[in-house]
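Okay, structure first, notes after.
Please treat every number below as a calculation from the coordinates, not as lab data. In this text the structure is predicted, and so the values were computed from the model without any measurement. Because the Cβ atoms are built from the backbone with ideal geometry, glycine has one as well, and the counts that use them run over all protein chains shown.
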């Protein structure tokens, strides 16, 4: 199985950015800044890729919403 050479960076404000070949890409991989309540220990906390991400495109994100509640959501092809 080929490994993906990209680096994914989780930003507290609610974006996941990609570094490819040493360059930060201009377009975020995911931008959920609207529902994410960032600041202090709140915000977009983590991302996990489904073991079959290459075929199903699913990712899971853990974040704090604007009410301070923790949310886990799935994004990807459906």
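Below are the figures for this structure:
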item: Among (1) touching a strand residue (DSSP E or B) at 6+ places or on another chain (Cβ under 8 Å); (2) part of a loop (DSSP other than H, G, I, E, B); (3) loosely packed, with under 15 Cβ neighbours inside 10 Å, the one test that residue 28 misses; result: (3)
item: Residues being closer than 18 Å to residue 74 by Cα and part of a strand (DSSP E or B) - total across the stretch 1-25; result: 7
